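One structure is given below, encoded as structure tokens.
The values are calculated or read from the model by the stated rules, or taken from the named source; none is laboratory data. The model shown is predicted, which means the values in this text are computed figures rather than measured ones. Quick reminder, even Gly has a Cβ in these numbers, built from the backbone with ideal geometry, and neighbours come from all protein chains shown.
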């Protein structure tokens, strides 16, 4: 006699329709328009975090310079202020790009290790 649990999940259940040999088609893929790269879930290395933290001060100064620039009239002064804002913010964006690159490299290392483990089983 079948249990109430088994009766509830009859042949109509999606769990029963998946065969052991069927493979999901999109495992390991992501849509970059809507999802962050899986490497973004990895922790940030300490040296990368220290560089980001050091550059945050310049980023906040760059934000203030941009606010001041918006209030200015067009001319050489506004152009100089825009360059100042860019120069202050650039170290943070460079550090962030370096961190993303490092995380993707770490993610590739994790995938390679997983393949090695899978082969040894």
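Structural remarks
- Selection count, segment 88-121, where residues are over 14 Å from the mean Cα position of the chain (by Cα), exposed (fewer than 13 other Cβ atoms within 10 Å of the Cβ) and within 30 Å of residue 65 (Cα to Cα): 1
- Qualifying residue in segment 30-37 (condition: modelled with pLDDT under 90 and part of a helix (DSSP H, G or I)): no
- Residue identified as assigned to a helix (DSSP H, G or I), without any contact (Cβ under 8 Å) to a residue 12 or more places away in the chain and touching a helix residue (DSSP H, G or I) at 6+ places or on another chain (Cβ under 8 Å) among 105, 78, 83: 78
- Residue 75 surrounded by 10 or more Cβ atoms within 10 Å (Cβ to Cβ), more than 30 Å from residue 111 (Cβ to Cβ) and modelled with pLDDT of 80 or more: no
- Looking only at residues in segment 38-72 that are touching a helix residue (DSSP H, G or I) at 6+ places or on another chain (Cβ under 8 Å) and in a loop (DSSP other than H, G, I, E, B), the one that is surrounded by the most Cβ atoms within 10 Å (Cβ to Cβ) is 44.
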